[in-house]
Amino acid sequence: MTEFTGLRAVVTGGASGIGRAVAERLAERGANVAVLDLDPSGVHGPLTGIRADVSDDAGVRAAVAAAAERLGGLDILVNNAGIGAVGTVEDHTDEQWHHVLDVNVVGMVRVTRAALPHLRRSAHASVVNVCSIAATAGLPQRALYSATKGAVLSLTLAMAADHVREGIRVNCVNPGTVDTPWVSRLLDGAEDPEAERAALNARQPLARLVTADEVAAAVLYLAGPSAGSVTGTALAVDGGMQGLRLRPV
Ligand code: NAD
């Protein structure tokens, strides 16, 4: 038995990277887990994969309803699905701004809105949003992405305030640079991916990237009953990047 035994969780974007690690660790600890993802074809084992695009409101409502029915309710929501954007304010069209904001910010709103009626019936309700150090760090070449994560941070605090009296806790994690397929895709685009990876590692305070399991451990702490008095917080999992005032330039 663990503190997650019998708890029911939905993880968005849980087919890859951080979301996958969160879903797998939750399931290992006895939670019943549904993964909502654009492509759940690789989701196996004890995890239930449900196809969903967080930018499609009707699809999100149907997917969350299906997850809650399959799991017999819902205690934990991990809003993790997100996409990146590289560039300054001059580099993106309005359509790109709308699209990334729609996935990274409104996507969280849609899934949370659909999940709240189920969370209200839970004795251990909690939401964890996957934010980023980009929310507050002032990263170069991340204007659009940073704006979305700044919104996620504010949204986390607002949601925590709105639902605290209902016993629903809302927190976020702020990862630094995490070794996931997302980062591998960025590195693969470089002229010399191996040299680029070595340089990226060297720029980290711990001289290595954060692992998806390290972020998952923080998400599980915030999601679980052990954090029963923790709401409205942002937990950095960034190898010291923010606390030590270092920048991943
Ligand atoms: P990833 O690309 O490995 O996984 C993202 C998952 O989200 C994929 O399975 C993808 O199919 C899914 N997804 C994307 N758009 C979706 C949509 N519209 N609807 C449903 N699912 C969708 O990425 P990751 O590195 O694991 O990132 C996960 C989260 O962590 C994101 O919110 C990202 O902003 C955040 N984050 C990542 C890093 C990092 O360095 N990797 C750092 C800070 C924050």
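If the requirement is being within 18 Å of residue 10 (Cα to Cα) and in contact with a Ser or Thr (Cβ under 7 Å, 6 or more places away or on another chain), which of these qualifies: 173, 127?
So the residue among 173, 127 that is within 18 Å of residue 10 (Cα to Cα) and in contact with a Ser or Thr (Cβ under 7 Å, 6 or more places away or on another chain) is 127.
Screening residue 191 against (1) acidic (Asp, Glu); (2) farther than 16 Å from residue 21 by Cα; (3) in a helix (DSSP H, G or I) leaves a single unmet condition, (3). State which residue is farthest from residue 95 (Cα to Cα) when the search covers only the range 19-55 and only residues that are surrounded by fewer than 24 Cβ atoms within 10 Å (Cβ to Cβ) and near the ligand (Cβ under 8 Å from one of its atoms). For the range 19-55, the residue satisfying everything is 20. Within the set 135, 85, 114, the sole residue that is in a helix (DSSP H, G or I), within 16 Å of residue 176 (Cα to Cα) and within 16 Å of the ligand (Cβ to nearest atom) turns out to be 135. Taking the condition of a type in the set (Asp, Glu), farther than 23 Å from residue 75 by Cβ and in contact (Cβ under 8 Å) with a residue 24 or more places away in the chain, does residue 188 pass? When the stated conditions are applied, residue 188 does not pass them. In summary, residue 162 fulfils each of the numbered conditions (1) within 15 Å of the ligand (Cβ to nearest atom); (2) loosely packed, with under 15 Cβ neighbours inside 10 Å with the single exception of condition (1).
Every number in this text was worked out from the coordinates using simple rules, so none of it is lab data. Note that the structure is a prediction, hence the values are computed from the model and not measured. Glycine also receives a Cβ, built like all others from the backbone with ideal geometry; neighbour counts cover every protein chain displayed.
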